[in-house]
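A short write-up of the structure that comes next.
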Amino acid sequence: MEQGAARGRFRNSEAANGLALVSPTAIYAILLLAAPLAAVVLYSLMVDSKVGLSSGLTFDNYLKVWTGRIDQALMLRSLTVSSVVTLVTVLLAYPVAYFVSFHVKPERKSMWIFLITIPFWTSYLIRVFLWKVILGYNGVVNSGLMSLGIIDEPLTIINYSLGSMIMTLAHAYAAFAILPIFVSLEKIDRSLLEAGQDLGESKLMTFIRVTLPLSMPGVIAAVLIVFIPTIGDYVTPELIGGGKLPMIANRIEAIMLKQNDKALGSAIAVTAMLIVTVVSVVFLLLNRRFLKGQSK
Amino acid sequence: MRKNPSLRIYALAYLAFLYAPIVLLPIFAFNDSRVIAFPLQGFTTNWFAEMWADQTLFIAFRNSLTIAVSAAVFSTILGIFAARASTRYKFPGKPGILGLIMLPMVLPEMIVSMALLVVLIAVGVPLSLFTIILGHVLICTPFAVAILTSAFQSLDRSLEEAAYDLGETPASTFRLIILPLVMPGIISSLLISFTISLDEFIIAYFLGGNQTVLSVYIFGQFRFPAKVPAVMALGTILVCISIILLTIAEYFRRRGIAKSGGKDTGGFL
């Protein structure tokens, strides 16, 4: 009994110590993140008029957002762009992560990862702008092709299009996709692959039946890491889309600041968060399924 | 395992794709033409001179430095608290609390900045460099926590126990044993947070009021086609600074791993 009580006291003191230690960071996050997010949810249920926010709660803003044609179109565009970007980025990144994990000597792996991450740490704004410079009407690609005599007139399909936005974003988030896949590939026990081949599987079948399923958690992490920031991207539609192809983030800014309708803007923001959450939950459930399948 | 040449070629092509836009920066920063296009027109350093002569750039740069240094210091301090708590202690509500702290990593920045903006306006806090720092600490802290957690995780608990047995107090143990061992993690957390803050645009744009910082200055320059070559010059310098900072961060990270006897698995994340 006495021992149990002592252990209980120790646990309590451990819990108290842990809570005390985490509290500065936790309080900061509660004050500057949880509270503002709660405020946005609250705002989204109010009505913003010239006299100020109403006190009654209503779902009118959500109805407006979910049935409004502009908002629907923008949400669809944001979803399309970020889904395509995610698909392209992850598909292109997988072989690179695979190469670094399986074909690069262990002592040179961190060099490769370092090389892959450098472009990602250089100014995001400038990288996006560089794509505008590259793909623009008088840009690097057009002027280069024209001075080489390959084309006579600038190509117009490459500027201010969804395609160039996807290209820019796929480039911007490349490193994000490679790292989690690389980490999950590194965790794979190499003897499993040998076992697969000893049991008569071909290299390709070993990859499909062993390597690919085992690296799925990394792929799913990569999907989420690319999808979430791209759906909320503001800079690329502004610079590459020339403001003509706005996405959700641009819409939130326009409603919140230009039209000064905080309630409606909040409703769009909450809707965007809901979309992100739903997609994340779906992928996390997929991940759980994969892990379960493995333990069977 | 047998070498696969096509995979290697693909990986190298991918690296080339990653670096292609950045390589253009110095090319056009030294190109003697206001238009960013081929063919190249000859060598000039005018754009660097033009960039250097712009007073607003220096104000913006000084503001950015103030913000980035403050954000790096505060988010690393907050990161140390959270990382130490999460690696050393069990406490109720741990997943929820840590989840909230890490949330900005998976939340679109526009939503973070609009939520903060709404509250700051409601509370009546005037927008300034200070409000940008508040926002940047929020988004840098998850990165600091991630880096520092791996630093604290690789600590050998028995070193700490040995210090207690030798009569050190928890505070002196932390100062004499733990802090030096996680110092490489702290330095790379400072550098990474500094880089993130310096590069961040959305929060700086919306929470800065009429104060200009570097990223907002660059965004403003994009509206004037004539200013583009000077931005290319500025970009060249920024890329050089980032590469230097990252190389230092990578050096300390590797030294940290070597110190704690771990194996290098590569990468910051």
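The values are calculated or read from the model by the stated rules, or taken from the named source; none is laboratory data. This structure is a prediction, so every number in the text was calculated from the model and none was measured. Using ideal geometry, Cβ is built from the backbone for each residue, glycine included, and neighbour counts are taken over all protein chains shown.
For the condition more than 18 Å from the chain's Cα centre (by Cα) and either on the phi < 0 side of the Ramachandran plot or of a type in the set (A, V, I, L, M, F, W, C) (or both), what is the one hit in B:Gly167, B:Gly220, B:Gly185, B:Gly209?
B:Gly220 is the lone residue from the list that is more than 18 Å from the chain's Cα centre (by Cα) and either on the phi < 0 side of the Ramachandran plot or of a type in the set (A, V, I, L, M, F, W, C) (or both).
Any idea which residue in region B:223-255 is farthest from A:Met111 (Cα to Cα), counting only those that are in a helix (DSSP H, G or I), among the charged types (D, E, K, R) and over 19 Å from the mean Cα position of the chain (by Cα)?
Of region B:223-255, the ones in a helix (DSSP H, G or I) are B:225-255.
Restricting the remaining residues to those that are among the charged types (D, E, K, R) gives B:227, B:250, B:253-255.
Subset that is over 19 Å from the mean Cα position of the chain (by Cα): B:227, B:255.
Working: B:Lys227: 36, B:Arg255: 15 Å.
Looking at the filtered set, the residue picked out is B:Lys227.
Is there a residue in region B:63-77 that is within 7 Å of chain A (Cβ to nearest Cβ), surrounded by 15 or more Cβ atoms within 10 Å (Cβ to Cβ) and free of Cβ contacts under 8 Å to residues at least 40 places away in the same chain? First the steps, then the outcome.
Initial filter on region B:63-77 (within 7 Å of chain A (Cβ to nearest Cβ)): none.
Scanning region B:63-77 turns up no residue that is within 7 Å of chain A (Cβ to nearest Cβ), surrounded by 15 or more Cβ atoms within 10 Å (Cβ to Cβ) and free of Cβ contacts under 8 Å to residues at least 40 places away in the same chain.
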So which residues in region B:211-222 are out of contact with any Gly (no Cβ under 7 Å at 6 or more places or on another chain) and part of a helix (DSSP H, G or I), if there are any at all? B:Leu214, B:Ser215, B:Tyr217, B:Ile218, B:Phe219, B:Gly220, B:Gln221
Do we have A:Leu162 as touching a residue at least 12 places away in the same chain (Cβ under 8 Å) and surrounded by 23 or more Cβ atoms within 10 Å (Cβ to Cβ) here? no
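Considering only residues of region A:265-275 that are surrounded by fewer than 24 Cβ atoms within 10 Å (Cβ to Cβ) and more than 7 Å from every other protein chain (Cβ to nearest Cβ), which is nearest to the chain's Cα centre (by Cα)?
Going through region A:265-275, the residues surrounded by fewer than 24 Cβ atoms within 10 Å (Cβ to Cβ) turn out to be A:270-271, A:273-275.
When the remaining residues are screened for being more than 7 Å from every other protein chain (Cβ to nearest Cβ), the result is A:270-271, A:274-275.
On the way: A:Val270: 17, A:Thr271: 17, A:Leu274: 14, A:Ile275: 12 Å.
Looking at the filtered set, the residue picked out is A:Ile275.
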Restricting region A:126-138 to residues that are facing chain B (nearest Cβ under 7 Å) and at pLDDT below 85, which is surrounded by the fewest Cβ atoms within 10 Å (Cβ to Cβ)? A:Asn138
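Test of understanding: among A:Ser147, A:Ser82, A:Ser191, which residue is of a type in the set (Ser, Thr, Tyr) and either surrounded by 15 or more Cβ atoms within 10 Å (Cβ to Cβ) or outside the structural domain of A:Tyr234 (by TED's automatic domain parsing) (or both)? If you could, list the steps in order and put the result at the bottom.
Values: A:Ser147 fails: either surrounded by 15 or more Cβ atoms within 10 Å (Cβ to Cβ) or outside the structural domain of A:Tyr234 (by TED's automatic domain parsing) (or both); A:Ser191 fails: either surrounded by 15 or more Cβ atoms within 10 Å (Cβ to Cβ) or outside the structural domain of A:Tyr234 (by TED's automatic domain parsing) (or both).
Of A:Ser147, A:Ser82, A:Ser191, the one residue that is of a type in the set (Ser, Thr, Tyr) and either surrounded by 15 or more Cβ atoms within 10 Å (Cβ to Cβ) or outside the structural domain of A:Tyr234 (by TED's automatic domain parsing) (or both) is A:Ser82.
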Inside region B:152-169, can you point out the residues that are surrounded by 13 or more Cβ atoms within 10 Å (Cβ to Cβ) and assigned to a loop (DSSP other than H, G, I, E, B)? B:Ser154, B:Leu155, B:Glu168
Filter region A:217-251 for residues that are crowded, with 21+ Cβ neighbours inside 10 Å and in a loop (DSSP other than H, G, I, E, B); the one that is farthest from the other protein chains (Cβ to nearest Cβ) is A:Gly241
A:Thr89 versus (1) assigned to a helix (DSSP H, G or I); (2) surrounded by fewer than 19 Cβ atoms within 10 Å (Cβ to Cβ); (3) not hydrophobic (A, V, I, L, M, F, W, C): which is the lone unmet condition? (2)
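Within region A:58-77, count every residue that is closer than 15 Å to A:Thr236 by Cβ and either modelled with pLDDT of 90 or more or touching a Leu at 6+ places or on another chain (Cβ under 9 Å) (or both).
Summing the residues that are closer than 15 Å to A:Thr236 by Cβ and either modelled with pLDDT of 90 or more or touching a Leu at 6+ places or on another chain (Cβ under 9 Å) (or both) in region A:58-77 gives 1.
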Residues of region A:55-79 being part of a loop (DSSP other than H, G, I, E, B) and surrounded by 14 or more Cβ atoms within 10 Å (Cβ to Cβ), in sequence order, are A:Gly68
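For A:Ser123, are the conditions met, namely being crowded, with 22+ Cβ neighbours inside 10 Å, hydroxyl-bearing (Ser, Thr, Tyr) and either more than 7 Å from chain B (Cβ to nearest Cβ) or out of contact with any Lys or Arg (no Cβ under 8 Å at 6 or more places or on another chain) (or both)? It would help to see each step written out before you state the result.
Numbers: crowded, with 22+ Cβ neighbours inside 10 Å: yes; hydroxyl-bearing (Ser, Thr, Tyr): yes; either more than 7 Å from chain B (Cβ to nearest Cβ) or out of contact with any Lys or Arg (no Cβ under 8 Å at 6 or more places or on another chain) (or both): yes.
Criteria met by A:Ser123.
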Residue, farthest from A:Val88 (Cα to Cα), within region B:14-33, restricted to residues that are more than 10 Å from every other protein chain (Cβ to nearest Cβ) and in contact with a Phe, Trp or Tyr (Cβ under 9 Å, 6 or more places away or on another chain): B:Asp32
Within region B:88-99, tally of residues that are within 23 Å of the chain's Cα centre (by Cα) and within 23 Å of B:Leu190 (Cβ to Cβ): 1
Failed item, numbered, when A:Asn142 is tested on (1) farther than 22 Å from A:Leu291 by Cβ; (2) in contact (Cβ under 8 Å) with a residue 24 or more places away in the chain: (2)
Please tell me if A:Phe182 is under 14 Å from the mean Cα position of the chain (by Cα) and in contact (Cβ under 8 Å) with a residue 40 or more places away in the chain. no
Among (1) farther than 30 Å from A:Ser191 by Cα; (2) free of Cβ contacts under 8 Å to residues at least 60 places away in the same chain; (3) among the β-branched types (Val, Ile, Thr), where does B:Ile9 come up short? (1)
